[in-house]
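Participant: Have a look at this one.
The values are calculated or read from the model by the stated rules, or taken from the named source; none is laboratory data. Every value quoted in this text rests on a predicted model; they were computed, and no experiment measured them. A quick note on method: Cβ atoms are made from the backbone with ideal geometry, for glycine too, and the neighbour counts reach across all protein chains shown. With ligands, DNA and RNA removed, areas are computed over all heavy atoms of the protein, side chains included. Shrake-Rupley method; radii C 1.70, N 1.55, O 1.52, S 1.80 Å.
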Amino acid sequence: MNDLVVQLHDVRRSFVQGEIQIDVLRGVNLDIKPQEIVALLGPSGSGKSTLLQAVGLLEGGFEGSIKLCGEETSQMSASGHTRIRRELLGFVYQFHHLLPDFSALENVVMPQLIYGTEPNDADHRASTLLTSLGLGDRLEHKPSKLSGGEQQRVAVARALANAPKLVLADEPTGNLDEKTADIVLEEMMALVREEGSAALIATHNERLAAKMDRVVRLHDGILS
């Protein structure tokens, strides 16, 4: 039985600009265990977002093997990728991408209803997650009434709403001031651990990365 959440073998991605081929990923290998939190470090333009897109099955054009919870995804159909994203993955982006006309609670309830969770159970789950992130008194506030840090906390709760096996976070605190970024990232890691998910978190913050289970670095398309 395969007990790895992520298995990448010789993953490559190239882009063509004019007559020039740019090799962004040049044979990436990476395994992530259940409940392991991995920091992904690398300078801007190193391919961190491209790597997260590969693991998240968010676009095509990749070569190599991408296995998620033992399922080989490289030859899957688009509907197969959609199923994997829905059942196994949670996403946190640099921008929170909350639905502006819905409350914090509703933003976390929505993905659960799409998944098929009963409304009462979805409400309870959303309230529990948001309260654990310090937003128990902000459940009915719409995003425009929340601070940047509060909005990103809602995004974290939304990513964990369906109890994913893996959370993918792309510079999740990149738009926050340093103090708020530290707090939100610490809270995010604590909640991921509490929920029993694994995570791959792209960040520039070396100090917080050192608090994760493992640090991997992407440079010139190679992971080390």
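Participant: Only residues that are in contact with an Asp or Glu (Cβ under 7 Å, 6 or more places away or on another chain) and not in a loop (DSSP other than H, G, I, E, B): list them for the stretch 190-213, please.
Facilitator: Answer for the stretch 190-213, where residues must be in contact with an Asp or Glu (Cβ under 7 Å, 6 or more places away or on another chain) and not in a loop (DSSP other than H, G, I, E, B): Ala198, Ala202, Leu208.
Participant: Next question. Identify all residues within the stretch 196-209 that are without any contact (Cβ under 8 Å) to a residue 60 or more places away in the chain and open to solvent by 60 Å² or more (accessible area, probe 1.4 Å); write none if there are none.
Facilitator: Matches in the stretch 196-209: Arg207 only.
Participant: Among the residues of the stretch 120-158 satisfying the criterion of being of a type outside the set (Ser, Thr, Tyr) and under 14 Å from Ala190 (Cα atoms), which is nearest to the chain's Cα centre (by Cα)?
Facilitator: Val156
Participant: Looking only at residues that are touching a strand residue (DSSP E or B) at 6+ places or on another chain (Cβ under 7 Å) and either in a strand (DSSP E or B) or of a type in the set (Phe, Trp, Tyr) (or both) in the stretch 60-78, which one is nearest to Met188 (Cα to Cα)?
Facilitator: Leu68
Participant: Which of the residues that make up the stretch 157-204 are at pLDDT 90 or above and of a type in the set (Ser, Thr, Tyr)?
Facilitator: Ser197 - this is the single residue of the stretch 157-204 that is at pLDDT 90 or above and of a type in the set (Ser, Thr, Tyr).
Participant: For Gln53, are the conditions met, namely being of a type in the set (S, T, N, Q), closer than 30 Å to Val16 by Cβ, free of Cβ contacts under 8 Å to residues at least 40 places away in the same chain and surrounded by fewer than 13 Cβ atoms within 10 Å (Cβ to Cβ)?
Facilitator: So Gln53 does not fit the description; no.
Participant: Follow-up. In the stretch 167-189, what count of residues is obtained for those that are outside any loop (DSSP other than H, G, I, E, B), without any contact (Cβ under 8 Å) to a residue 40 or more places away in the chain and either open to solvent by less than 60 Å² (accessible area, probe 1.4 Å) or closer than 24 Å to Glu71 by Cβ (or both)?
Facilitator: 5
Participant: Can you name every residue in the stretch 210-221 that is at pLDDT below 90 and open to solvent by less than 70 Å² (accessible area, probe 1.4 Å)?
Facilitator: Result: Gly221, single match.
Participant: Is it the case that the stretch 89-96 has a residue that's among the hydrophobic types (A, V, I, L, M, F, W, C), loosely packed, with under 15 Cβ neighbours inside 10 Å and either free of Cβ contacts under 8 Å to residues at least 24 places away in the same chain or in a loop (DSSP other than H, G, I, E, B) (or both)?
Facilitator: yes
Participant: Between a first residue in the stretch 151-166 that is in a loop (DSSP other than H, G, I, E, B) and a second residue that is open to solvent by 10 Å² or more (accessible area, probe 1.4 Å) and among the hydroxyl-bearing types (Ser, Thr, Tyr), which pairs have beta carbons less than 7 Å apart while being 6 or more apart in sequence or on different chains?
Facilitator: Asn162/Tyr115
Participant: Here is a further query. Among the listed residues Leu57, Leu51, which satisfies the condition of being closer than 20 Å to Asp31 by Cα, modelled with pLDDT of 90 or more and either assigned to a helix (DSSP H, G or I) or of a type in the set (Lys, Arg) (or both)?
Facilitator: Going through Leu57, Leu51 in turn, the sole match is Leu51.
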